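The values are calculated or read from the model by the stated rules, or taken from the named source; none is laboratory data. None of the values given here were measured: they were computed from a predicted structure. Note: areas computed on protein heavy atoms with side chains; ligands, DNA, RNA excluded. Shrake-Rupley method; radii C 1.70, N 1.55, O 1.52, S 1.80 Å.
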Amino acid sequence: MKGIRAKDEYVSVFVNNLPEGMHWRWLKQLFEYHGKVIDAFILNKRNIRGKRFGCVRYANINDANKAINRTGILASKVAYRCQF
């Protein structure tokens with residue numbers, strides 16, 4: 001089909017330690033600065049320490065790498081962390 005990509009073309013970035021009041025739309029908007037975000041979501045579950053977490057899906061690996069590299073510097077100020 002035209003306009004639809006295979007799932008393996010997307011790259012997901014795991015985002016940990018999200019603030020309590022964060023909405024998925026805010027997460028998406030925050031990460032759009034680094035590249036084209038296809039989707040963002042925050043799970044209802046919590047990690048082992050009781051913190052919220054989610055994923056941001058990018059259209060390509062270059063944008064995902066930009067997000068990881070750039071937010072690694074800001075992690076202590078913004079209170080989130082990115083990983084592959």
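Here are some notes:
- Probe 1.4 Å, all protein chains present, accessible-area order of Tyr33, Tyr58, Tyr10, largest first: Tyr33, Tyr10, Tyr58
- Exposure rank, largest accessible area first [Leu27, Leu43; 1.4 Å]: Leu43, Leu27
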